[in-house]
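Peer 1: Could you have a look at this structure, given as structure tokens, before my questions?
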Amino acid sequence: MSLASLSSNLLLVSFIAYLVATLFFGGAVKGAKSESSYKNNRWGKIGIVITIIGFITHLGYFITRWMASGHAPMSNMFEFTTAFGMMLVGAFILLFFLYRTPSLGLFALPIAIIIIGYASMFPTEITPLIPALQSHWLAVHVITTVVGEAILAISAVAGLIYLLKHIDMSKPSKQRFWLEAVIFTLVLVLGFVVSSTTFKLTGYEAHFTYIDKNQAPAKIEYNYPPLFGMNGYEALTPEAMTPWAEMPAVVNAKTLTSFVWSVATGIVLYLLLRLIFRKPIASIFQPFAKKANSQLMDEIGYRSVLIGFPVFTLGALIFAMIWAHEAWSRFWGWDPKEVWALITWLFYAAFLHLRLSKGWEGKKSAWLAVIGFIIIMFNLIAVNLIIAGLHSYA
Amino acid sequence: MSKIKCQCGHDNPFGTVLCEKCGRPMTEEAKKSEVVDMRYEGSARRSQTYKRSIIDKVWNFFSSVKIGVSIIVAVLVTSAIGTLFPQKFYVPVNQDSPAELLAYYERLYGFIGTIYYKLGFYDMYNSWWFKILIGMLGTSIIIASLDRVIPLYKSLKKQRTKRHASFMKRQRIYGEGRSENADSALTKAEEKLKEMKYNVKTEDGAILAEKNRFSRWGPYVNHTGLIIFLFGVLLRGIPGFYVDETMWIREGELRAIPGAPDFYLESNDFKIEYYSKEEASEVFGEALDRVGQIVKKYQTDVTLYKKKEEGLVGSSDLDVVKDYSIIVNKPLKFDGYNVFQMDYRLAELKSMTMQLIEKKTGKSFGQFTIDLDDPEGVYKLNDGAQVDLIGYYADYNGVENGEPVSKSPIPNNPAFIFEMKTPEKPKGEKSFVAIQQTLETEENAYAVKFVGADTRDISGLTIRKDKTLYILLLGGLIFMIGVIQGSYWNHRRIWVQKGENGELMLAAHTNKNWFSLKKEINAVKEYADLPNYEDRQDNESSIEQEEGEK
């Protein structure tokens, strides 16, 4: 077996391990009568052992892929996002040993699973490095950034648990609406995975020529039935579906098509879930959050920002600036990805100030943590796919 | 300035909330509160005390965290708006032409693009309001830090070991209870606390155990780092601190480096390499199949020269400094300058080779090569023939008023007027020769034919010198130290003391991470048999603690 295929098998193993571990954490939370009893629950112990096994195989994927390609596997959307999922699990393990809370695992692992699933929808083959990425700073800058972001993301997981515990889902309210919206967004990501996998399995392809932003001719391949056509498109595969509408040059109609398919699939999934359970999806998860200690979740949410913020600053700003100076001749160039890293940093700086000086604890702090995670994901996904810049490697 | 005298005899500065020494509440509000606000030790902060003059008002404005956070959010939002559409400097049109810029935004983004341009968002980060926001952020950081750090430092320095009961009772963690042997409990607590690396002070039946006070300075250290960083950014405006130039250099060319006096650069070669399937088909084959060609390397081989001291300008007076291959991520470094590989153009015409032939027989008089940068006037050929170059148009763009015209000095489309002199036609025949085109005024017997051309590549290089980098790096380093100092350690204090009636009182405070503090207190409590305590903000745990004890 070649290193590359060993690597993808290890990733599969860790994916399954996380799934199994989630079930055990679920058992730990469900079976526990109170906070103190669930801390030393047998299910929880098995859960963390399986999580660690999953993490080690995940690390094995990372190392073997590094060996196969000769560079840190951090150079495209698949690699970066998979590593983010891995570090998220790593950060969870760290905080588990600090606070011994199975509830955290019950929510952190499914989010890691969704992230890895999302990553796998992108081209997974090993790509050689373009000149700008050929530097040791690739490993240093990107790994530090991902570790920082993963620890910050744990804060959102703790925040989510806190909110699930404290928001009354039986009566309509603003907070109930937004909490359900967060869950709905997660279902949308699932919709992307489901729809993308479906069309991948059927091998759908549609080819077009079009006129790009700089008025030059270009070619594009769709893996979804093309709902929207690129600017001035002409079909090369006439048997494929004819797009409903032609988009102006600034809109990437292919991305828009994938987006609309994902959202549509997500909505169908969500409606199905609502029909089956006949209540807001957030309230299905609520019983699992009830066992968590509120103060503890609040503290984990805060502590993970405290741990993650310096790491993020170092990786996403300081190392980034040093490398940018080396590769692009300037340490800061207001590239969208850079700006969004700054925005993330400013956001968490505001979070810390509000918490320290304005006493924003509990629900407010939990909401901020969730918003912070949304900003991180926006920088990871939307900035790469929608706002073109120097960092668009995927 | 009036002082507030506490019952314990200490003179506190005006505006103090909790006595610096014994912790007694000084204000009505503090006396009424159940848990006192310990954030700045209840010290007298300028912003909370003086509110009259303009200076007070400005000071109070900038020292407010609410204002600080608002500024952060304003920077955040404006930054985000700036990423909506590409910024001016990423737009591939003439940067100095507002009309072209506007047309670009209008063409691609329509009405919203026009508004984006009109509001100045297309150059957000250089706009005056963005700069003002950053300036306000800097001011806020300085004032807010000074307003807090000085009184905080003073009151932590002056704090007494023995606190007044009213201070103890108003802590978030507090407990009291009878003790069989209060004195031995205190001794044991002291022993255990020391073992846990606490700094323990005792005074008259009271213990103050303190740990990691230095972490309290973390925020102020990181703010100092930020200020140094912003100062470094400010310095870039001063000439001499910062050089940012670009140069285009052709293969074989020797040019003065802009922005770096006395230094010259010669380009020996420019090349692009691609990943080939042969070298890595097993690993990269799939990706290469999907994407097509992927660039492996952009490289300019250069020689760096320095003008000899007291030498004149000219190649003979240059010393070779070094040969270097500039690639992306490996700039050429010399004397504080960095030269970066940024751009390239391939295959610009360098020279053209022609030959003179007799049309009838096809007989050649030999070839000659025209250097397109510096064409000679006369080319001597075999058998006494010669070609005079009497007109050269580097970038030929048609004929105006009977004269050929050149659009630019760059040889994109060279055209020539030759005068061909042979022994048979000593007066010469004229011919206009351009690419794929020959014009003659009358039927000539001879003709200049195109044989071949040499091309060369051009490298786009950026030259940078940035004396502020070290200041920025220092700022970053100090920021990191401060933020780690403040985040990874917590300032913890535990007070244990004997009350008036022989009961034991236990109180504790930390700036964060209360769970770990409670773990430590529990350890001391068990060892020294201290009274039970209560965390007034965590009802769930307290209940469980009681349940556990039942």
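The values are calculated or read from the model by the stated rules, or taken from the named source; none is laboratory data. Predicted model, so just to flag it, every value in this text is computed and none were measured. Please note: Cβ atoms are built from the backbone with ideal geometry, for glycine as well, and neighbour counts cover all protein chains shown. Just so you know, the surface numbers come from the protein's heavy atoms only, side chains and all, with ligands and any DNA or RNA stripped out. Shrake-Rupley method; radii C 1.70, N 1.55, O 1.52, S 1.80 Å.
Peer 1: Counting each DSSP H run of 4 or more residues in the protein assembly as shown as -39500 (n - 2.57), what helix-only mean residue ellipticity at 222 nm follows after dividing by all residues, to the nearest 500 deg cm²/dmol?
Peer 2: -16000 deg cm²/dmol
Peer 1: Moving on. Gap in Å between the Cα centre of the stretch A:150-217 and the Cα centre of the stretch B:400-476?
Peer 2: The two parts, judged by their Cα centres, are 57 Å apart.
Peer 1: Here is a follow-up. If you restrict to DSSP beta bridges whose two residues both lie in the stretch B:350-453, what percentage is antiparallel, to the nearest 5?
Peer 2: Within the stretch B:350-453, antiparallel bridges account for around 95 percent of the total.
Peer 1: Taking only the alpha-carbon atoms of the stretch B:42-155, what semi-axes of the equivalent ellipsoid follow from 5 times the gyration tensor eigenvalues under a square root, in whole Å, largest first?
Peer 2: 42, 12, 11
Peer 1: With a 1.4 Å probe and every protein chain left in place, tell me how much accessible area residue B:214 has, in Å² to the nearest 10.
Peer 2: Per-residue accessible area (residue B:214): approximately 80 Å².
Peer 1: Using packing as a proxy for protection, rank B:5-11, A:331-337 so that the peptide with the highest average count of other Cβ atoms within 10 Å comes first.
Peer 2: Peptide ranking by packing, descending: A:331-337, B:5-11.
Peer 1: Now, a different point. Relative contact order for the stretch B:42-155 using alpha-carbon pairs under 8 Å, separation at least 6, rounded to a whole percent?
Peer 2: About 39 percent, as a whole number.
Peer 1: Tell me the angle of helix A:281-290 to the major Cα principal axis of chain A, expressed in degrees between 0 and 90 and rounded to the nearest ten.
Peer 2: For A:281-290 against chain A, the angle is about 40 degrees.
Peer 1: Give me the accessible area per residue for the stretch B:350-453, probe 1.4 Å, as a whole number in Å².
Peer 2: Dividing the accessible area of the stretch B:350-453 by its residue count gives 57 Å².
Peer 1: Evaluate peptide A:324-334: per residue, the Cβ atoms of other protein chains within 10 Å of its Cβ; return the mean as an integer. Don't skip to the end; give the middle numbers.
Peer 2: Details: counts 0, 8, 6, 6, 5, 14, 5, 7, 3, 4, 11.
The shielding value for this peptide is 6.
Peer 1: How shielded is A:119-131 by partner chains, expressed as the average number of their Cβ atoms within 10 Å of its Cβ atoms?
Peer 2: Neighbouring Cβ atoms belonging to other protein chains average 5 per residue here.
Peer 1: Shifting gears a bit: If a/c stays under 1.5 just call it rounded; otherwise compare a/b with b/c (prolate if a/b is bigger, oblate if not). Do that for the stretch B:216-341, with a ≥ b ≥ c from the square roots of the Cα gyration tensor eigenvalues.
Peer 2: oblate
Peer 1: What is the average number of partner chain Cβ atoms found within 10 Å of a Cβ in A:340-352?
Peer 2: Going residue by residue through A:340-352 and averaging, the value is 4.
Peer 1: Right, next: For a quick check of your reading of the filter: which GluC sites (Glu not before Pro) in the stretch B:166-269 sit in a DSSP loop and have no more than 10 other Cβ atoms within 10 Å? Kindly include the intermediate steps, with their values, before the conclusion.
Peer 2: Values: sites: B:176, B:180, B:190, B:191, B:195, B:203, B:210, B:245, B:251, B:253, B:266; in loops: B:180, B:203, B:251, B:253.
The qualifying sites are B:180.
Peer 1: From the Cα gyration tensor of the stretch A:151-264, with a ≥ b ≥ c the square roots of its eigenvalues, which class applies: rounded if a/c is under 1.5, or else prolate if a/b is larger than b/c, or else oblate?
Peer 2: Prolate, since a/c reaches 1.5 and a/b exceeds b/c.
Peer 1: Can you list the lysines whose alpha carbon is less than 19 Å from that of residue B:197, not counting same-chain residues fewer than 8 positions off?
Peer 2: Within reach: B:188, B:211, B:512, B:518, B:519, B:525.
Peer 1: Tabulate in residue order the Karplus-calculated ³J(HN,Hα) for the stretch B:3-13, using 6.51 cos²θ - 1.76 cosθ + 1.60 with θ = phi - 60°, rounded to whole Hz; enter x for Gly and Pro.
Peer 2: So the J values, rounded to whole Hz, are 9, 10, 8, 8, 4, 6, x, 8, 8, 9, x.
Peer 1: Something else: In the full protein assembly as shown, how much of residue B:403 is accessible to a 1.4 Å probe, in Å² to the nearest 10?
Peer 2: Roll a 1.4 Å probe over it and residue B:403 shows about 110 Å².
Peer 1: Another question, then. Using the Karplus curve 6.51 cos²θ - 1.76 cosθ + 1.60 with θ = phi - 60°, work out ³J(HN,Hα) for each residue of the stretch A:45-62 in order, rounded to whole Hz, and write x for Gly and Pro.
Peer 2: The phi angles translate into 5, 4, x, 5, 4, 5, 4, 5, 4, x, 5, 5, 5, 4, 4, x, 4, 4 Hz.
Peer 1: Here's another thing I want to ask about it. Counting only C-alpha contacts under 8 Å and six or more residues apart, can you give the relative contact order of chain B as a whole percent?
Peer 2: After rounding, I find 18 percent.
Peer 1: Quote the FRET efficiency, to the nearest 0.05, computed for residue B:202 versus residue A:6 with a Förster distance R0 of 60 Å and r equal to the Cβ-Cβ distance. Working shown, then result.
Peer 2: Details: r = 63 Å, r/R0 = 1.05.
The computed FRET efficiency comes out at 0.45.
Peer 1: How much accessible area per residue does the stretch B:42-155 have, in Å², with a 1.4 Å probe?
Peer 2: Numbers: 5740 Å² over 114 residues.
With all protein chains present, the stretch B:42-155 gives 50 Å² per residue.
Peer 1: Under 5 Å between amide hydrogens, which residues at least 5 positions from residue B:274 or on another chain qualify, with H placed 1.01 Å from N in the peptide plane?
Peer 2: Counting only residues 5 or more places away or on other chains, the set is B:296.
Peer 1: If the reach is capped at under 19 angstrom between alpha carbons, list the aspartates and glutamates near residue B:158, excluding any in the same chain fewer than eight residues apart.
Peer 2: B:11, B:20, B:37, B:41, B:147, B:203, B:204, B:210
Peer 1: Non-local amide H neighbours of residue B:257 (under 5 Å, H modeled in plane, Pro and chain starts lacking H): which ones?
Peer 2: The answer is B:263, B:264, B:265.
Peer 1: If you don't mind, there's one more thing I want to ask. Taking residue B:131 as the anchor, which lysines have their alpha carbon closer than 24 Å to its alpha carbon, excluding any fewer than eight residues away along the same chain?
Peer 2: By straight Cα distance, residue B:131 reaches A:337, B:57, B:66, B:88, B:118, B:465, B:467.
Peer 1: Here's a follow-up. Carbon and sulfur together cover what percent of the accessible area of the stretch B:350-453 at a 1.4 Å probe radius?
Peer 2: Reported share for carbon and sulfur atoms: 46 percent.
Peer 1: Heavy-atom accessible area of residue B:350 with all protein chains present, probe 1.4 Å, nearest 10 Å²?
Peer 2: Roughly 80 Å² of residue B:350 is accessible to a 1.4 Å probe.
Peer 1: Which translational diffusion coefficient, to the nearest whole µm²/s, is obtained for the protein assembly as shown from the Stokes-Einstein equation, given a Kirkwood hydrodynamic radius over C-alpha pairs, 20 °C and 1.002 mPa s?
Peer 2: Result for D is 64 µm²/s.
Peer 1: In whole Å, what is the distance between the alpha-carbon centres of the stretch B:486-542 and the stretch A:301-360?
Peer 2: Value for the Cα centre distance between the two parts: 34 Å.
Peer 1: For the stretch A:94-253, what is the relative contact order in percent, using Cα pairs closer than 8 Å and at least 6 residues apart in sequence?
Peer 2: Contact order relative to length: 15 percent.
Peer 1: State the Cα centre-to-centre distance between the stretch A:69-85 and the stretch B:295-364 in whole Å.
Peer 2: Taking the Cα centre of the stretch B:295-364 as reference, the centre of the stretch A:69-85 is 38 Å away.
Peer 1: Sticking with this one: How would A:354, A:59 line up by accessible area, probe 1.4 Å, largest first?
Peer 2: The ranking, largest first, comes out as A:59, A:354.
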